Amino acid sequence: MDERLIRGATVIGVEGPIRAEIRVQGGRITGVGTRIDSAGCEVVDATDLYVLPGAIDGHGHQWEPGFTSPPDFRDATAGAAVGGVTTLLDHPLTTPLVVTLSEFEAKRRLGSRTSLIDFGLHAGASPAHLGELRGLWAAGATGIKVFTCPTGTLLDGFDDPARLDDLFDELHSIGARALVHAEDASVLASTAAALTTANHASVANFPEWHSLAAEQSAVVGILELAGRHGVEVLIVHASHPSIVHAVTAARSQGVAAFVETCPHYLVLADSDLAEQGAWAMTAPPVRDVLAREQLRHQIRDGSIDTIGSDHCAISRQGKAGASMTEIIPGVPGLDLFLPLLLDLVAGGSIDWESLIRVTASTPARLFGLRQKGAIAVGYDADLVFVDPNRSWTVRAADLPGSAGWSPYEGRSLRGSVVETWSRGVPVARGGQPIGRPGHGRFIARAA
């Protein structure tokens with residue numbers, strides 16, 4: 001039966017929880033109300049469950065140079081579906097790098113064959129391929145990724161102020177948005193040299209290498225460039241409240257600046273890095289408990305615009321090594337994307353309205369995803385059924401992702417994803433993916 005009526009649920013939107021029924025037909029929401037006629041509908045009993053708009057993860061890394069996750073969309077999008085994510089925007093650090101239109105189109109075709117959920121694609125800025133950016137933006141890229149520090153790829157080189165200025169000139173001319181990994185390359189280099197000289201290059205020294213000062217310095221420079229060139233920027237994976245303050249201050253001065261943080265900055269802290277070592281090592285690093293609590297407050301007060309997973313399915317081998325320079329930074333997190341945040345709601349750290357704003361409504365608007373991000377008539381039936389009261393324990397062995405480990409191993413969470421629908425089709429149930437590769441559609445950025 002094509003038409004379904006969800007009955008008995010508490011529906012969560014940006015204005016908070018309401019009791020409502022949802023009618024779905026042809027992959028779209030065709031009715032939301034308190035008394036909807038069920039004639040001709042398959043009735044779905046959602047008593048005691050909450051229904052949320054599917055999460056939009058604007059910061060996925062499906063595979064990167066040196067990483068060992070599978071070379072298509074199946075692994076990451078299976079985890080995403082289990083984690084309540086119904087739209088994944090993937091970053092360009094793939095094989096090959098997405099810095100040309102031909103690579104963008106090849107990746108789009110690959111996603112259309114293998115993705116379980118809808119997806120969009122960010123493109124990469126490379127000093128050698130600035131002329132490609134216009135075509136990439138016109139093809140529907142949801143952002144242009146910029147690194148101010150080395151990556152070991154063709155995206156390197158924007159630690160040079162002249163090159164960065166040329167890039168922002170081009171971004172302004174085509175009206176494109178920059179997604180910026182902001183760490184100051186010169187600060188990173190000098191700190192790494194000092195630590196190596198002092199024989200302090202273990203994982204415990206990683207926060208000194210990727211220091212808050214390096215992050216702050218790069219963010220200040222990017223915000224100045226954005227204001228001078230009139231370019232919209234999203235500072236990704238902000239690890240500290242001072243980064244958020246810098247962005248909101250620039251925005252108050254008329255700069256089109258936005259800021260993203262990640263679940264690991266809201267859940268983990270430097271004590272976890274000290275205890276877990278490489279398993280909790282990501283760049284920028286997780287900061288102290290006070291910073292974590294302040295970031296949670298900034299979710300509630302509206303300072304933070306979006307939450308992205310920054311998911312990296314790094315193998316156990318990638319986390320092996322005695323030196324911080326031998327270890328690949330990053331953590332897997334797609335399969336726990338909403339559960340980690342649901343636990344924060346259950347504990348009172350953030351509220352339902354803020355959760356929907358940073359995972360659905362704002363990323364839909366920011367990335368130009370017109371039919372995503374809300375439970376409303378005419379929108380895609382991207383829905384997540386949640387049990388807000390179920391307590392459970394994270395076991396990496398139970399998660400579908402290929403990494404096979406989790407920095408949240410053994411952590412007790414309250415709130416679980418029961419079922420995930422992508423355009424009205426169930427793609428995950430009971431913690432396992434059930435969707436079909438190829439169901440996912442490429443979503444181009446709308447104006």
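The values are calculated or read from the model by the stated rules, or taken from the named source; none is laboratory data. None of the values given here were measured: they were computed from a predicted structure. Neighbour counts run over all protein chains shown; Cβ positions are idealised from the backbone, glycine included. For the accessible areas, the whole protein counts, side chains as well, though only heavy atoms, and no ligand, DNA or RNA atoms are used. Shrake-Rupley method; radii C 1.70, N 1.55, O 1.52, S 1.80 Å.
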(message) Suppose we keep only residues that are in contact with a strand residue (DSSP E or B) (Cβ under 8 Å, 6 or more places away or on another chain) and among the hydroxyl-bearing types (Ser, Thr, Tyr) within segment 118-150. Which one would you say is farthest from Asp382 (Cα to Cα)?
(response) Thr148
(message) Looking at Thr94, Thr68 in this structure, which one is surrounded by fewer than 18 Cβ atoms within 10 Å (Cβ to Cβ), modelled with pLDDT under 95 and within 30 Å of Ala283 (Cβ to Cβ)?
(response) Thr68
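Yes/no per residue for (1) open to solvent by 60 Å² or more (accessible area, probe 1.4 Å); (2) out of contact with any helix residue (DSSP H, G or I) (no Cβ under 7 Å at 6 or more places or on another chain); (3) free of Cβ contacts under 8 Å to residues at least 60 places away in the same chain:
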position	(1), (2), (3)
Asp2	yes, yes, yes
Ile6	no, yes, no
Val14	yes, no, no
Gly33	no, yes, yes
Asp37	yes, yes, yes
Cys41	no, yes, yes
Ala46	no, yes, no
(message) Condition check: touching a His at 6+ places or on another chain (Cβ under 7 Å) and modelled with pLDDT of 95 or more. Does Asp45 satisfy that?
(response) no
(request) Please identify the pairs in which a residue from segment 147-165 that is at positive phi has its Cβ atom under 9 Å from the Cβ atom of a residue that is open to solvent by 60 Å² or more (accessible area, probe 1.4 Å) and not in a loop (DSSP other than H, G, I, E, B), counting only partners at least 6 apart or on another chain. (result) Gly157/Ala128; Gly157/Arg163
(request) Look at Leu88 and say whether it is in a loop (DSSP other than H, G, I, E, B) and of a type in the set (A, V, I, L, M, F, W, C). (result) no
(request) Could you check, for segment 18-32, whether at least one of its residues is in a strand (DSSP E or B), at pLDDT below 95 and either among the aliphatic types (A, V, I, L, M) or in contact with a Pro (Cβ under 7 Å, 6 or more places away or on another chain) (or both)? (result) yes
(request) Taking Ala249 as the residue in question, decide whether it is farther than 20 Å from His61 by Cβ, crowded, with 24+ Cβ neighbours inside 10 Å and at pLDDT 95 or above. (result) no
(request) Scan segment 365-418 residue by residue and report those that are in a loop (DSSP other than H, G, I, E, B) and over 22 Å from the mean Cα position of the chain (by Cα). (result) Ala376, Val377, Gly378, Gly410
(request) Pick out the one residue from Pro407, Pro400 that is closer than 17 Å to Cys262 by Cα and not β-branched (Val, Ile, Thr). (result) Pro407
(message) I need a count of the residues in segment 293-321 that are in a loop (DSSP other than H, G, I, E, B) and either buried (at least 16 other Cβ atoms within 10 Å of the Cβ) or without any contact (Cβ under 8 Å) to a residue 24 or more places away in the chain (or both).
(response) 10
(message) Looking for something free of Cβ contacts under 8 Å to residues at least 40 places away in the same chain, among the hydroxyl-bearing types (Ser, Thr, Tyr) and more than 22 Å from Ile117 (Cα to Cα) - is there at least one such residue anywhere in segment 406-418?
(response) yes
(request) Quickly run through segment 322-342 and pick out the residues that are buried (at least 24 other Cβ atoms within 10 Å of the Cβ) and in a helix (DSSP H, G or I). (result) Met324, Leu334, Asp335, Leu336, Phe337, Leu338, Pro339, Leu341, Leu342
(request) Spot the failing condition for Lys107; the list is (1) touching a Ser or Thr at 6+ places or on another chain (Cβ under 8 Å); (2) in contact (Cβ under 8 Å) with a residue 40 or more places away in the chain; (3) among the basic types (Lys, Arg), and only one is missed. (result) (2)
(request) Kindly indicate which of Val358, Val259, Val255 is more than 24 Å from Leu195 (Cβ to Cβ), part of a helix (DSSP H, G or I), modelled with pLDDT of 95 or more and hydrophobic (A, V, I, L, M, F, W, C). (result) Val358
(request) Select from segment 259-285 the residues that are open to solvent by less than 10 Å² (accessible area, probe 1.4 Å) and without any contact (Cβ under 8 Å) to a residue 24 or more places away in the chain and list them in ascending order. (result) Ala269
(request) Assess whether Gly348 counts as being outside any helix (DSSP H, G or I) and without any contact (Cβ under 8 Å) to a residue 40 or more places away in the chain. (result) yes
